[in-house]
Each structure stands twice: as C-alpha cells, then as structure tokens.
Amino acid sequence: MDGQDFKIIIGLEVHIQLTNLQTKLFCSCSNDYRGADPNTHICPICISLPGSLPVVNKRAIEFATRLGLALNCKINHKFWFYRKNYFYPDLPKGFQISQYNKAGGKAFGDGGEIQIRLNNHKKVIQINRIHLEEDPGRLVHKGSIATSPYTLVDYNRSGVCLIEIVTEPVIKSPEEAREFLKQLKSIIQYIGISNLELEGSVRVDANISIKGHERSEVKNINSFKEVERALRHEIVRQKNLIKRRKELTQETRHWDEKRRVTISMRTKEFEADYRYFPEQDLVPIVIKDEFIERAKATLPELPNERAIRLRREYLLSEFDSENLVIDKNIADFYEQGVNIDPSFGLEEYKQYCNWLMNSIAGWLNDHNLNLEDTKLQPRHLVDLINFIKDGKITTKIAKSFIGDMMKGSSLTEIMKWKGKTRISDEVLLQKYSKEIINNNPKIVEDCRSNARAIEALIGKIMAKTKGQADPEITREILIDLLKKKSII
Amino acid sequence: MTNLSEKSGYNSMELYKLMGYELRDKLKRKEITLDAIYQSLFERIHATEDLLHSFVHLAEETAINKAREYQSNLKEGKKIGAFHGLPFANKDLISIKNVPTTCCSKILKGFLPPYNATVIDRLYKADAISIGNTNMDEFAMGSSTENSCYGPTYNPWDLSRVPGGSSGGAASSVAAGQTVFALGSDTGGSVRCPASFCGVVGLKPTYGRVSRYGLIAFANSLDQIGCITKCVYDAAFMLEIIAGKDPLDSTSSNIKVDKYTEGLNESIVNKIIGIPEEFFGEGVNKEVKNSVLKAIDTIESLGAKSVEVSIPHLEYTVATYYLICMSEASSNLARFDGLRYGYASESFEGDVYDFIKRTRSEGFGDEVRRRIFLGTYTLSAGYYDMYYIKALKTRALIKKDFNKAFKKCDCIVSPTMPITAFKLGELLDDPIQMYTIDILTCPVNLVGLPAISLPCGFDSNGLPIGFQIIGDFFDEKTILSIAYHLEQELNIYRKMPTLKRGIM
C-alpha cells in the first residue's frame, strides 16, 4: 500500500487585504480599522443602508493594476463588478460585490505566474486570475462560538478592499505552496499595496485532491504560516481514507487552527448557488492603456529584478541574491550596509550577505521578529566585518554580540562592557573547556545520546568562571571540541 | 382669509389650485405669503386626506415652521433659493434624514434614514419644503397603489378607482391640490401611470439624469426619480433643480443639464413626431386611442410633422421587463434581514437563518414576495441563461428598435396607459393582467429614455387620459417643449377632480 503513487494536486485562492489603501473599496470610510472600537468605521454605504450606492475607489484599481503587472497577468480593459448573492449576518447587503469570470463577467487580470525555488529546483506556478472584491464584516463572540450566548457583528471591516489571487491547480506539495506564498508575499511587499504582517490581512482557501479522487476545498486558513500545516493535515487525511479504501467526496472543509484539523462544512449538493449577475449600481470599469502604462512606469524594482541586479553589482550567487531579496527590508538593509565602507569588495559583499542571511535571520526567526522590529544598524554590521578582518574579535565572539546589536548597540559599546564583565576571551575559554571535558568523561559520554547534556558542561564552566563566561561562545567552543572527538 | 391675499384678488383658501410657477411669481411680487400657501394646502389636505389617503406621513409642523422661517427671511430681505419655499411631497422610498421612510412596507417599519437622498439635498438647497411622504405600492411594485402596507390610495377623479402606481399617492396629492410638487420614482411606469390615471404631469427623466443616491432600489438598472406636477412648466422647473451629476451615484451622467424652463417656448414647427403603430394595438382602449390621436392632430396643427416608426419588439417588453426587474429586486431586497433596522420577527426560535426567514416572510407583502421568488429563480444556476441572459438580449433588441426610430424623429408619442383608471380590486387577483398594462411605459425604462405623460382628455366616465411623449437620451428639452405646447393648446390642465365616488 505504501508504494501507492499519490499525486497531489493543489490550487490556492489567496485573499489579500489592500491595507495600504486609505479608504474602503466603495466608500470613503478609513481602511485603518484595526484596534478601533466596533462599528466606528462605517457609513451608509458600507453598512448598506437602503438607498446607498457604491462608488469605486480608483486607487484600488491602481493597486490591482500594479499586482497584475508584477504577476504578468493580462489585465482586462473593461469589466463589470458582479454581485455574489448569499445571506449572512456579516454581509449587510445580502450580496458581496465581487468579480466573476463566467456568465459574461471578467476577472481583473487573467493568467500570470510566479517562479519558485524548492530544493534548488525552479518551477513556475501559473496563476489563473486575480480579482477585486469587498471584505464582509466580522462576527464577534464571547469566548468560543459554541459557548457564546450571543453573536455581535462589527462592520468596520465591511467594504475593505480584497484582492483574490487564484492559482492553477499546479502545486504539488505543501512545500511548494509555502514557497509560492513566500514569493507572493515578497512581491506584494515590493509593490507596496499591503502590509501582510497585519492581523487578518491574509486568508487562503486551498483546493486539494489526490489524482483520481474527489477534491476538497479547505477554507479559513488565516495566515501564510498555517497553509503548509493545513495542507499537510488534509493530505494525510485524504491518503488515509484512500488507504482504507473509503470514498472521498467533494466537499468544503474548515481549517480549525486551534485543533489543527480540517472539519467538513458541507458537501457538493449543498453548495450555495450565488446567483452572480452584474452590479449595475456601478458602471463598467474601463482600464485604458495609458493607465496601465502609467502604473508600469511607477512600478518599483521587483524582487526578481533586484536579485539579478544584486548578482551583477555585488557578484552574489544566484542562491544568495534570491534569498536576500525576499524581504525588501533585509535587501534594503544589505544595500545600505555594503555601501557604507568604500573599501568593501567582493569578499565583504559575500560576508555581509552571510551575516544577514544566517546569524541575523536565524536570530529573527528564533525571536519571531522582523528586521524592522529591531534596532540593528547597517553600520554595526560593517564594523563587525571589519573588526573580524582586523583581528579585533573572532567570529565566535562576533556571533555572541548579535543579541546586543539587535538592541541598537554599537560594537565598541558591546566590547567595552562585555570585556569587563564577561570572559569572552576565546583562548581562555578554549582552555577551560578542554579541562572540563577531560575532567567529566561521564557527562561527555552522555552527550552522545542526550542533546541537553551539553548544558551540564556549560554549567560547569559558568561555575568555574563565576558566571563570567559568555554562554554562547562557550557553547560553540564545546560543540567544536566534542565534534572533534566525534562525540556529537 | 388673510388681507394680503384678498388684496391681490386671491382667496388664500384657493391658493392650492394654483400652479407652482404662479405661486412662485406671486411670492416674488410679494402678493402672497408662504404662510398663506401652507395654510391653504394643509386645510386642503385635512379636508381631503380621509377620502384620498395620499400620504403615509405628514410633516405639517416642521413644514409650517420652515415656511415661517423662509417668510421672515424674505421680510428681512434675505435671498431665497429657486424653489422659494414651495412645498413638495416626497415618495416614501426617497430617504430624508430622520423622517420615517418605509417603501410602504412592514419590513421597514420604524426605519429612520440617517442621511438625505441627493435629490432631497438639492431641493432643500433650493429652499423647497417637504410636507410628507406619499403612499405607493410596496417597494414600488405595482401599478395601482393597492400593494401598500398602509392600505390603498383613491383616485381623486373617482374614489372607487385606483390612482395608478406605484407613485399613486404622489399623483393623487398633486391632482387634488394637496401639494404643488411631488417626487416619484419610475421603474416601469411608476411616475407616468399614476400621472395618467390622475390627470397630472409625470416626467421620467433619462436613466442617469437624476441621482439615485438615497432612492431605495427596486430594480436598479431601471429605477429613475421623476417629477409629478400640475403642469409641464413645473416639471421642467423641478427637473432643473434635481438633475445633474452626483459623485455618489456612479450611474449619474455628467452631460450638461439644460435650462428646461427656458426651452419650453421654443417653436415646435417642423419637429418630427414618431408614431409607433405597435403602441396603438389591440390592447389599447378605443377612447384612449381616439383621444391620443386627436392630441397628435393638435401637435401637428402647431406645425410639427408626424412620421410612422416601428418598435417591432414591443410585444416582448413586458416579459423582458418583468424578468429583469424581478431578478434585480431579488438581490436589491436581500439587505432587509431585520438584523440592523426595520421590522424584526419576534417569533423566531432557531438560528440566524430562521430569524431572517421569518422576518422576511412576515415583513414583505404578497406582491414583493412573488417578485423575490421569481427573481431568485430566474438568476439561479441552470435558469440564468434561459431567463436573465435572454432578457438582456431582448433588452438590447428593444434598444436597437428605439435607436432606429430616433433616426427618423425627434420624439415618439403614444398613450401612456392602454386604459384609464380601473376599480380598486379589479386586477388585484390577476397579476399577469396587472403587469400587461405596463406595456407602453416599461420599454422606456428598459432602454433608459426620458418620457413624459400629460393629460390629453377624458373618457366617457370623466377619467383622465394620459399622453406619452418619449424622447431620445438626455433630450428632456424636446419632450418638455412639445408637451408644453400641447398642454397650452388643449388647456385642460387647470381642471380639478371632483373627489366623488363614480357611479357604476
């Protein structure tokens, strides 16, 4: 059974809030509703009072055009918005104004693609279409849905502009999905249409099937990070059913983030009929060539273009340049940093990139922070590289400085007080470490099977130095020594 | 009553009989006061409202206070807007801030709009005063004003008959002298039908000429706000004030608004009147037909020429119209779920869907529910192409017919309604028959053209007959001018209804 060939087919529908717009999609209410009291960012239009009419936010059309261009979509020159009819308390009109690519309707842009890299293989993920639509309001419960004695509705979010990106069903694994979303996020950051760090700015629906079987649609995946997890779960669920020779049914499932499972919402026969038809309170949207040309002219350098330039200007490898550009803030930091010291050359360009992508990125990842959340200065990383080059510090010591550098401290400052209070002298620590290893053969043996045993060795050095040894440098030295002895 | 009006030879009790422009001119010349006008009007309303039931909400106190304010402003020599403090009656589906606006439906019970419709803002800016909201078919769905949750309005020419609809209260209030001006809305004839049945002027402007912002939608690709007045001049005057681009309504047009009142006197010599034979077919009552043909002769006697035109797809318009308006209505009326405003069912026991179901079942009347059901059906998967898409195609064909016809003529004339006012209850159980009488008015909405109805005579029961003039896109000027010449020549527009119950 395990030899059975499971071909996985995934298609994603990614909903992105255009958080960088000032106002909602069809009215002049502020888009910046996060943290506001419920129902304070509303007007007759976005709570759909009788007689109110929508008016399209031109800037939203511009933002969508930017995305269309960045993804290489074919932007449609004329289209109607459509009404998607269904009843739900968060939807005050009883329909959502959206776009539709059937029944005479057209998407905002058709086609397009994003290139991803996975295990050093490149692959193109084709996009089916992108379209604009409005966000509904939000239901608020006391505690959980199941136990809340009431449901409240907050319409602050109602009418906020969403852009939906629909891929072709060409994604073959959760990892590919993750890489696709990473690239998409990067592009959105570069073209400045949304801040995806904001809570609720992203929602993903995923269509998943195993070749030869019915598909399911998993809804309510509320962050990029959750997508990979939800996909993994759903694939295992489907495979298990197939292995047990159970029939899969076409259904819509709900991702329960807390319990980390997908739950069936409805099967195909209960799929809603949305009765799409043109929204005639709006005139057809006409996008002229000049409008597209203007958008193209103001389009910033995109990540893939930047990677090529970085390869050319700083002679970085393809791998390094592509990694470096993913987060625009990191790439900006890089370019600022390497240009501070005119003596920097090929070697330093490479080192600067390594420091950013390894130690700094690792630290950020461990602390679940973004570069812009820290006070790290591009100049301090320049100093670090120079200090190592000049033999003032070793690489290991430099690494132990990262935490303090993130708080904005300069290298000279750190060295000043580190030198006083902590034994970070590598030669001395090397000596102590060798002693401790020689004197504690039992603990060293334990290190073979127990990763935590090394903590005991560090503890002994700390005791010997009365807490003055730098634990991170000590750890690295110990690891080096134990590796040499083939203990770990 | 007051010395002031006696001096000028007018009994203020009779001011309600005057045209809007006459009142305006007398105010300008300080021959009468606003107080006197409002006194006369409200006395008239109190004397007649029990018979007619034109209004569902009266704003007597606020209107009189406002009139006094304008009057004292005038005394102090302050400027006043074009409307000179004159009154208008609002239709119960056009939003006025903090005035109950219910579409004559139980589902909007207690709803107070927090904002003014654009037309209301424009009228207020011109210093017009709203005296109340008029009765109508629920959500403007009907041609008789019998589908109102407040009960029907009665025709001032024969109280046993309907005033037409859906703007029945508006038309009866103007006809009976309860107001001078009235706002209506016209989706398939809702301004022109009651104007025809009540013997007053009803103007439906080009789609996009008047902002729909604040008009509670029935069928949003067809709805247009219009004017119901005692004479053509007043309609032109009112349109000048309410027409024009509104940034809040994307479908409103920025085509320049003509000076309609100034164009009225322009010669109609050599204007070409198109006569579509399809509009004079079998279903048209003989007396109606003869009266309209006589009116055409009158127009020709004034120097205009007539030419035959054809609207070959007229026979499909009723089906097309009802498919489209019901489809749109099913979606437009989805927002009435009882969760935020209006009627909320108290008998619910299940989930939120149960609450929505009960609220809508209890809140909407029969005709509205019928149209929501049918509209939901025609937009459903599997039926969409068969009904909705097909209706759009037919709509395009009808538009083509009119475009072709307007290559040959300046306007198209016909009866407004194939019949005169019918008895209350007569068609209530026969919706198809009720729909069919819209055949001459609804093609105008399907295409989006402007049209006007004015009285051209009376049938043997003494009931008014309506004459319809249809114009090319945004050419309200031509139809108003032709209507004005015809009106002046026929000179029946001052005739007041008797407010008696007809025999038979």
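Structure summary
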| item | result |
| --- | --- |
| Residue within the range A:415-422 that is surrounded by fewer than 12 Cβ atoms within 10 Å (Cβ to Cβ) and either farther than 28 Å from residue A:384 by Cα or in contact (Cβ under 8 Å) with a residue 40 or more places away in the chain (or both) present | yes |
| Condition check for residue A:340: more than 14 Å from chain B (Cβ to nearest Cβ), in a loop (DSSP other than H, G, I, E, B) and of a type in the set (Val, Ile, Thr) | yes |
| Residues (within 14 Å of chain B (Cβ to nearest Cβ) and either closer than 16 Å to residue A:220 by Cα or exposed (fewer than 13 other Cβ atoms within 10 Å of the Cβ) (or both)) located in the range A:285-301 | A:286 |
| Only listed residue being assigned by TED's automatic domain parsing to the domain that holds residue A:110, without any contact (Cβ under 8 Å) to a residue 40 or more places away in the chain, charged (D, E, K, R) and under 30 Å from residue A:180 (Cα atoms), chosen from A:59, A:66 | A:59 |
| Tally of residues being among the aliphatic types (A, V, I, L, M) and within 10 Å of another protein chain (Cβ to nearest Cβ) across the range B:85-106 | 2 |
| Conditions (1) crowded, with 18+ Cβ neighbours inside 10 Å; (2) under 23 Å from the mean Cα position of the chain (by Cα): number failed by residue B:50 | (1) |
| Those residues of the range B:216-253 which are assigned to a strand (DSSP E or B), in contact with a Lys or Arg (Cβ under 9 Å, 6 or more places away or on another chain) and either polar (S, T, N, Q) or facing another protein chain (nearest Cβ under 9 Å) (or both), in sequence order | B:224 |
| Condition check for residue B:446: in a helix (DSSP H, G or I), under 20 Å from the mean Cα position of the chain (by Cα) and not β-branched (Val, Ile, Thr) | yes |
| Inter-residue pairs, beta-carbon under 9 Å, first in contact (Cβ under 8 Å) with a residue 12 or more places away in the chain and within 16 Å of residue B:171 (Cα to Cα) and in the range B:229-255, second of a type in the set (Val, Ile, Thr) and assigned to a loop (DSSP other than H, G, I, E, B), 6+ apart | B:229/B:180; B:229/B:200; B:230/B:180; B:230/B:200; B:231/B:200; B:234/B:180 |
| Matching entry among A:104, A:159 (being among the small types (Gly, Ala, Ser), within 14 Å of chain B (Cβ to nearest Cβ) and over 26 Å from the mean Cα position of the chain (by Cα)) | A:104 |
| Exclusive hit being outside any strand (DSSP E or B), away from chain A (no Cβ under 14 Å) and either over 25 Å from the mean Cα position of the chain (by Cα) or under 30 Å from residue A:51 (Cβ atoms) (or both), set B:321, B:316, B:341 | B:321 |
| Per-region count, the range A:329-377, residues hydroxyl-bearing (Ser, Thr, Tyr) and either in the same structural domain as residue A:186 (by TED's automatic domain parsing) or within 18 Å of residue A:310 (Cβ to Cβ) (or both) | 3 |
| Residue B:203 on the phi < 0 side of the Ramachandran plot, within 11 Å of another protein chain (Cβ to nearest Cβ) and buried (at least 24 other Cβ atoms within 10 Å of the Cβ) | no |
| Residue B:350 being assigned to a loop (DSSP other than H, G, I, E, B), within 12 Å of chain A (Cβ to nearest Cβ) and farther than 25 Å from residue B:448 by Cβ | no |
| Whichever residue in the range B:66-84 is touching a residue at least 60 places away in the same chain (Cβ under 8 Å) and not in a loop (DSSP other than H, G, I, E, B) and, among such residues, is farthest from the other protein chains (Cβ to nearest Cβ) | B:67 |
| Answer from A:94, A:68, A:109, A:51 - the residue that is in contact with a Cys (Cβ under 8 Å, 6 or more places away or on another chain) and either facing another protein chain (nearest Cβ under 9 Å) or surrounded by 18 or more Cβ atoms within 10 Å (Cβ to Cβ) (or both) | A:109 |
| Extreme residue, nearest to residue B:66 (Cα to Cα), among residues of the range B:116-135 that are buried (at least 20 other Cβ atoms within 10 Å of the Cβ) and within 14 Å of chain A (Cβ to nearest Cβ) | B:120 |
| Within the range A:233-279, tally of residues that are within 14 Å of chain B (Cβ to nearest Cβ) and either farther than 30 Å from residue B:212 by Cα or in contact (Cβ under 8 Å) with a residue 40 or more places away in the chain (or both) | 12 |
| Unmet criterion (only one of (1) of a type outside the set (Phe, Trp, Tyr); (2) within 14 Å of another protein chain (Cβ to nearest Cβ); (3) in contact with a Pro (Cβ under 7 Å, 6 or more places away or on another chain)) for residue B:145 | (2) |
| Count - residues of the range B:157-173 that are buried (at least 24 other Cβ atoms within 10 Å of the Cβ) and assigned to a loop (DSSP other than H, G, I, E, B) | 7 |
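The values are calculated or read from the model by the stated rules, or taken from the named source; none is laboratory data. Values in this document were obtained by computation on a predicted structure and should not be read as measured data. Reconstructed Cβ throughout: ideal geometry from the backbone, glycine too, with neighbour counts over all protein chains shown.
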